[in-house]
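The values are calculated or read from the model by the stated rules, or taken from the named source; none is laboratory data. The structure displayed is predicted, hence computed values, not measured ones. In this analysis, Cβ positions are derived from the backbone assuming ideal geometry, glycine residues included, and neighbour counts consider all displayed protein chains.
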Amino acid sequence: MLLPDSSSWQAAAACAGLSPSVVFARRPQQAAPALRACAACLVRRECEAAVAPAENYFDGVCAGRLWRNGRAVPEARMAKVLGAATAGTAGTAGTAGTAGGVRG
């Protein structure tokens, strides 16, 4: 029996070219580029299904949210930091990268 190729969604991920230090950042300010990439990503569902952040005590960005120890960082905290971090950086969402080595 052949299993579906899970790497195809990774190649299509908007975060495909980002550094792992950004994708797996634990702080909103460092994770901002990955979060911006996620906002325009077409494979967020596939990413979340493969990474399963809540089940793996995941740290980093997955499916448009920042996770710490398998828990999503509250939206209010993210908005405060990302509002300041994204000022003057419009157009950078195109710099993309995959979480490549999905860790869990």
### Query
Which members of the stretch 39-63 meet the condition of being on the phi > 0 side of the Ramachandran plot and within 9 Å of the chain's Cα centre (by Cα)?
Gly60, Ala63
### Query
Which residues, taken from the stretch 5-46, are over 22 Å from Pro74 (Cβ atoms), touching a Gly at 6+ places or on another chain (Cβ under 9 Å) and not in a loop (DSSP other than H, G, I, E, B)?
Gln10, Ala16, Pro20
### Single unsatisfied condition, Gly60 versus (1) small (Gly, Ala, Ser); (2) at pLDDT 95 or above; (3) surrounded by fewer than 17 Cβ atoms within 10 Å (Cβ to Cβ)
(3)
